[in-house]
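Have a look at the structure below, then the notes.
Since every read-out is calculated from the coordinates, none of them should be taken as a lab result. All values reported here derive from a predicted model rather than from experimental measurement. Cβ placement follows ideal geometry from the backbone for every residue including glycine, while neighbour counts extend to all protein chains displayed.
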Amino acid sequence: MGTLREGIDYYLDENGLLVFTEAYHLARGTCCGSGCRHCPYGHANVPGRRGKEDE
């Protein structure tokens, strides 16, 4: 996917954690199964959360 761009592909949250954006996930193409904050795929590959929307 190339070089990550701050503010486009990710940002740092209030705790200093790297958070991927929805745009990054859409470019990636699939749910990675990690329960990401901005998953546009409804956490489809997250065990125990299949098809659930963000809460």
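Quick look at the numbers
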read-out	value
For M1, net neighbour charge (Lys/Arg +1, Asp/Glu -1) across residues whose Cβ lies under 12 Å away	+1
Check: segment 1-45 dipole with +1 on Lys, Arg Cβ and -1 on Asp, Glu Cβ, in debye	180
Residues T21, T30 arranged by fewest to most Cβ contacts within 10 Å	T30, T21
From phi via Karplus (6.51, -1.76, 1.60), per-residue ³J(HN,Hα) for segment 10-17 in Hz, x at Gly/Pro	7, 8, 9, 7, 4, 9, x, 7
Exposure proxy ranking, count of Cβ atoms within 10 Å, fewest first, for E6, E14	E14, E6
Which label in (i) 37; (ii) 52; (iii) 55 gives the computed percent of Cα pairs over 17 Å apart	(i)
Relative contact order of segment 1-45, defined on C-alpha pairs under 8 angstrom at six or more residues apart (%)	28
Y10 long-range amide H proximity, modeled H, under 5 Å	R5, T21
Linear extension gain, E6 paired with R37, 0.36 nm per residue minus alpha-carbon span	9.5 nm
Value of [θ]222 nm, deg cm²/dmol, for the chain, DSSP H segments ≥ 4, -39500 (n - 2.57) each, nearest 500	-3000 deg cm²/dmol
